[in-house]
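The values are calculated or read from the model by the stated rules, or taken from the named source; none is laboratory data. Keep in mind that this is a model prediction, so the values were computed, not measured. Glycine gets a Cβ as well: all are built from the backbone with ideal geometry, and neighbour counts include every protein chain shown.
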Amino acid sequence: MSVSRSKENHLKGQSSPYLLQHLYNPVDWHPWGEEALQKARKENKPLLVSIGYSACHWCHVMEKESFEDHDVARLMNDHFVCIKVDREERPDVDHLYMNAVQLLSGRGGWPLNCFALPDGRPFWGATYFPRDQWKNVLIRINELYRNKYSDVEEQAIQLTRGVEQNALLSVSKDKPVRFEAQTAQTMAESLINNTDMTEGGTLGAPKFPLPVIYEFLLHYHSQNPTKANALDAVSITLEKMAMGGIYDQLGGGFARYSVDEIWKIPHFEKMLYDNAQLVSLYSKAWKINKKALYRQVVEETIGFVKRELCSLHGTFYAALDADSEGEEGKFYVWKEKEFRKVLGEDAPLAIDFFHLGGKGFWEHNNNILLNTFTAEEFARKHGLDEELMREKIAGWKTLLLRHRETRVRPGLDNKVLVSWNGLMIAALTDAAVAFQNPEWLADAEKAARFILRFGLRADNSLYHTLQGEKASIDGFLEDYACMINASIRLGEATGRESYFHVASDLQQYVLSHFSSVDTSMFPFSADTSQKLAAPHYEFQDNVIPSSNSIMARNLFYLGNLFGKNEWVERSRLMLSDMSGLIEKSGSWAANWGILWLHHQKDFYTLAVCGPDAMDKASQLMQNYLPDTLVCSLPQPNTQLPVLKNRWTDKQTLIYPCTLNECLPPFTDPSELNNI
């Protein structure tokens, strides 16, 4: 029996849109925290930790089927202390219980439902269940807890121990690893062999964008232009994604993944982290191959983010739901009749361009808009002027987008996550540099200023979430990693030294409050944060690179920039400890692979000093130079060691500096090719 709006549960006052979606469930949900754990201990009830996020389709399904049902709710309330967790708001809790479920079943996903002892140690869990199966699970778990508690406790002990061991990468006892070129080549070949060279992306379905794979391959190609076909793997992937249904052909922006092998049918939710990383990737690819399609994707995707995910403060929201009016993708798909009504006499031509009724046909007479033609190709096909064709296509998109805006919009998750904002700030900076767009750089700085004002404490510790000017939840390693990276990118692009010092201060906080004696890796939570049943060390790259791989790269860059050998050495140690996993992990270590590539040739900090420093730095950064870091000194004063005593008002000099020495300077950015 489904329930209508009833009394509020314990989620009242929460800021997470996902938690608030469950506020009127008959399940007596609690947020994660000591109050819920204390209740479980007092009443001797197991915890039922249910984890999801606002854009998750199957989370909505399970809520409708089970959590809004009075009979199911009665079972849950009578026998468990029920905790609802937003995985994006509390990634530490998600990591703990996701790792437990993956150890139990070999797979995971959301909604994630995990049962735990009152102290938080997990003993059993799984993902989605239909209503009747879920009721049976609840009954069975309650019986086990009441009648065979010793067995349940032993399972919790063993499972928690497994989670802890699985999340720890031990310190290497061997001699320091030599970062051989063969390892990078093996990784590149593995990634290329797993690339669908017809449709792009990884082989098979579903297809996730996984931008860091293609960033690694771009970097590998720059060092090894004659080896393998790394650039081909990147190019075919970027083109096919941009032409498929995973890309919003009207409004820009990418959905989370494609359920098929040809990027046609998306899982329609749009996540900030995907779009941020893809803006960076297309911007970097543009520097190598100036395809008009890459520019279009960057412009349209940034347009989407600014239009639909941007707060009044200039920060960026987390996600758009897959569903609207209870149907997945309803906001984005088109019936041919509606399409014809909007475009009138131009409809037949536009139907051909967007493949309605053909390749774009989906289900229930709906179409997903696709694009396999450039304007030039389509004009040639129909014997029309190319410039006229471009105008027509732009006009169609404007009319269709305007009409689409009259539909019921997907739900917006208006959390502002510091980590994902760091990714978007870096993306805007990468795009601004590649396409010489000062507006995008101003957007990046506006977001960064707000986060550093309201999300940063006086002791250089970060918060994880912002709701307007109100910050909450202690920052996790991912927040520091992404904001340090964003600050480094901003320092390069703006010539403002203050960003480099922000990055250095944040890095020092991480070294002081996240380090562990058991591993070279950093734990996911600071030593000041709430302790969970098992610590987590995130070192495998996924749809977002792992926080430890980002941090290892940050240490490398900042060590070079500030002349801190110990930071570079820590980065090398982390990479060395990952070496056993790098060759065989493929996509799970692609960001580590980029750091490995930095050790294949000299890495230079390009110190640009003089009255034309910003102009010459900009010229340098127009090129794809993954093994360099640029810092500018457009005025005499500086606190950066690499820039000190290098100013002259007579000419602008470019010093290529390694960690411990600088080569003779040059004046023309094109001379970089000679070092």
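General observations
- Of the residues Gln540, Gln530, the single one that is touching a helix residue (DSSP H, G or I) at 6+ places or on another chain (Cβ under 6 Å), surrounded by fewer than 24 Cβ atoms within 10 Å (Cβ to Cβ) and either free of Cβ contacts under 8 Å to residues at least 40 places away in the same chain or part of a loop (DSSP other than H, G, I, E, B) (or both) is Gln540.
- Among the residues making up segment 597-629, those that are part of a strand (DSSP E or B) and of a type in the set (A, V, I, L, M) are Leu606, Ala607, Val608, Leu629.
- Asp92 vs. criteria crowded, with 20+ Cβ neighbours inside 10 Å, among the charged types (D, E, K, R), touching a strand residue (DSSP E or B) at 6+ places or on another chain (Cβ under 9 Å) and not assigned by TED's automatic domain parsing to the domain that holds Gly475: no
- Segment 331-354 - residue that is touching a Gly at 6+ places or on another chain (Cβ under 9 Å) and aromatic (Phe, Trp, Tyr) and, of those, surrounded by the most Cβ atoms within 10 Å (Cβ to Cβ): Phe354
- Residues in segment 301-357 that are of a type in the set (Phe, Trp, Tyr) and touching a strand residue (DSSP E or B) at 6+ places or on another chain (Cβ under 9 Å): Phe304, Phe316, Tyr317, Phe331, Tyr332, Trp334, Phe339, Phe354.
Conditions tested, residue by residue: (1) buried (at least 19 other Cβ atoms within 10 Å of the Cβ); (2) under 28 Å from Ser520 (Cβ atoms).
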| site | (1), (2) |
| --- | --- |
| Met578 | yes, yes |
| Lys601 | no, yes |
| Thr605 | yes, yes |
| Asp612 | no, no |
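- Residue among Ala156, Ala126 that alone is small (Gly, Ala, Ser), over 30 Å from Ser571 (Cα atoms), under 25 Å from the mean Cα position of the chain (by Cα) and not assigned by TED's automatic domain parsing to the domain that holds Lys584: Ala126
- Output for segment 306-322, where each listed residue is outside any loop (DSSP other than H, G, I, E, B), of a type in the set (D, E, K, R) and buried (at least 20 other Cβ atoms within 10 Å of the Cβ): none
- The residues in segment 347-382 that are in contact (Cβ under 8 Å) with a residue 24 or more places away in the chain and either on the phi > 0 side of the Ramachandran plot or in contact with a Pro (Cβ under 6 Å, 6 or more places away or on another chain) (or both) can be counted, and the count is 1.
- Test set (1) closer than 19 Å to Lys12 by Cβ; (2) part of a helix (DSSP H, G or I) - Ser50 fails condition number: (2)
- For segment 100-116, the tally of residues that are surrounded by fewer than 22 Cβ atoms within 10 Å (Cβ to Cβ), of a type outside the set (Lys, Arg) and over 19 Å from the mean Cα position of the chain (by Cα) stands at 5.
- For segment 504-527, a residue qualifies if it is charged (D, E, K, R), part of a loop (DSSP other than H, G, I, E, B) and modelled with pLDDT of 90 or more, and exactly one does: Asp527.
- Selection count, segment 647-669, where residues are under 17 Å from Asn560 (Cα atoms) and of a type outside the set (Val, Ile, Thr): 8
- Every residue from segment 469-495 that is out of contact with any Leu (no Cβ under 7 Å at 6 or more places or on another chain), not aromatic (Phe, Trp, Tyr) and not in a helix (DSSP H, G or I): Glu469, Lys470, Ala471, Ser472, Ile473, Asp474, Gly495
- Members of segment 588-599 that are among the small types (Gly, Ala, Ser) and either surrounded by fewer than 21 Cβ atoms within 10 Å (Cβ to Cβ) or within 12 Å of Phe179 (Cβ to Cβ) (or both): Gly593
- Scanning segment 577-623 for residues that are among the aromatic types (Phe, Trp, Tyr) and modelled with pLDDT of 95 or more gives Trp592, Trp596, Phe603, Tyr604.
- Within segment 360-375, considering residues that are of a type outside the set (Val, Ile, Thr) and touching a helix residue (DSSP H, G or I) at 6+ places or on another chain (Cβ under 8 Å), the one surrounded by the fewest Cβ atoms within 10 Å (Cβ to Cβ): Asn365
- The number of residues in segment 478-527 being crowded, with 22+ Cβ neighbours inside 10 Å and more than 23 Å from the chain's Cα centre (by Cα) comes to 1.
- For beta carbons closer than 9 Å, sequence separation of 6+ or different chains, a first residue in segment 294-305 that is buried (at least 17 other Cβ atoms within 10 Å of the Cβ) and a second that is among the hydroxyl-bearing types (Ser, Thr, Tyr) and assigned to a helix (DSSP H, G or I), the qualifying pairs are Tyr294/Tyr282; Tyr294/Ser283; Val297/Tyr282; Val298/Tyr282; Val298/Ser283; Thr301/Tyr282.
- Candidate set: segment 85-118, residues that are charged (D, E, K, R) and touching a helix residue (DSSP H, G or I) at 6+ places or on another chain (Cβ under 7 Å); chosen: the one farthest from Leu11 (Cα to Cα): Arg87
- Set side by side, the residues Ala444, Ala427, Ala434, Ala458 differ, and just one is over 20 Å from the mean Cα position of the chain (by Cα) and in a helix (DSSP H, G or I), which is Ala434.
For every residue, the table says whether it meets (1) modelled with pLDDT under 95; (2) of a type in the set (D, E, K, R); (3) in the same structural domain as Met62 (by TED's automatic domain parsing).
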{"site": "Met271", "(1), (2), (3)": "no, no, no"}
{"site": "Asp274", "(1), (2), (3)": "no, yes, no"}
{"site": "Val279", "(1), (2), (3)": "no, no, no"}
{"site": "Val298", "(1), (2), (3)": "no, no, no"}
{"site": "Phe316", "(1), (2), (3)": "no, no, no"}
{"site": "Lys341", "(1), (2), (3)": "no, yes, no"}
{"site": "Gly360", "(1), (2), (3)": "yes, no, no"}
{"site": "Leu370", "(1), (2), (3)": "no, no, no"}
{"site": "Phe373", "(1), (2), (3)": "yes, no, no"}
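- Candidate set from segment 257-272 (those that are under 17 Å from the mean Cα position of the chain (by Cα) and surrounded by fewer than 24 Cβ atoms within 10 Å (Cβ to Cβ)); member that is nearest to Thr202 (Cα to Cα): Tyr257
- The set of residues from segment 220-247 being at pLDDT below 95 and either of a type in the set (D, E, K, R) or buried (at least 23 other Cβ atoms within 10 Å of the Cβ) (or both) comprises just one member, Lys227.
- Failed criterion for Gly357 (all others in (1) surrounded by fewer than 17 Cβ atoms within 10 Å (Cβ to Cβ); (2) not in a loop (DSSP other than H, G, I, E, B) hold): (2)
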